[in-house]
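The values are calculated or read from the model by the stated rules, or taken from the named source; none is laboratory data. No experiment lies behind these values; they were computed from the predicted model shown. Methodologically, a virtual Cβ is constructed for each residue, glycine included, from the backbone with ideal geometry; neighbour enumeration extends over all protein chains shown.
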């Protein structure tokens with residue numbers, strides 16, 4: 001048996017994971033158009049029919065990849081905001097995680113490509129999942145406002161702030177480079193980093209109560 005013909009035995013769960021890992025690598029390197037089943041099969045060392053067995057078709061693989069990215073990001077954010085540090089206490093690290101998934105790993109481009117191509121379908125198990133994060137953040141804001149003797153924040157305000165962060169991060173991953181170039185910053189990684197930091201500061205101060213916001217980053 002030649003090395004090329006040897007197949008690694010994997011459980012169904014392991015096979016799905018390595019296929020999704022290979023698909024995400026191609027997504028980050030080449031965008032959604034780079035997700036090609038035969039090339040991914042070659043990368044992983046499996047047959048093309050094996051991918052079809054696990055995901056039915058290319059759209060099924062793309063949907064599974066998008067859902068995994070959303071679930072990983074959601075779990076990371078829930079953990080961060082459920083910590084004892086309070087709302088917005090480590091917004092820079094949180095935004096780094098968001099941008100890592102959406103921009104660096106290519107998930108903003110994937111979502112945009114799926115929506116425009118008619119591939120996107122709402123997952124009944126995840127519709128409204130952002131509400132969970134909004135609820136966690138709002139409870140923290142209420143607790144901190146009460147401790148500081150400040151007026152209680154409105155839930156609408158918390159919801160709008162979370163949605164602002166989500167839309168801005170998705171947009172940056174999709175066409176942030178284009179917007180920065182229009183502003184005269186061509187392939188300037190440092191400027192992109194400064195924008196991310198400024199945006200994190202803005203969200204951090206808005207999520208805090210008025211007493212904390214006046215003290216700026218020193219309160220972190």
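Scanning region 45-64 for residues that are crowded, with 19+ Cβ neighbours inside 10 Å and farther than 16 Å from residue 107 by Cβ yields a total of 3. Only helices (runs of 4 or more DSSP H) whose full extent lies in region 132-220 are considered here, and the ones with at least 3 residues that are modelled with pLDDT of 90 or more and surrounded by fewer than 14 Cβ atoms within 10 Å (Cβ to Cβ) are 155-182, 189-207. Here region 6-32 is the region considered, the condition is being touching a helix residue (DSSP H, G or I) at 6+ places or on another chain (Cβ under 8 Å) and loosely packed, with under 14 Cβ neighbours inside 10 Å, and the residue that is farthest from residue 119 (Cα to Cα) is 12. List the residue pairs whose Cβ atoms are under 7 Å apart, where the first residue sits in region 188-203 and is free of Cβ contacts under 8 Å to residues at least 24 places away in the same chain, the second is outside any helix (DSSP H, G or I), and the two are 6 or more positions apart or on different chains. Listed pairs, sorted by first residue: 191/185.
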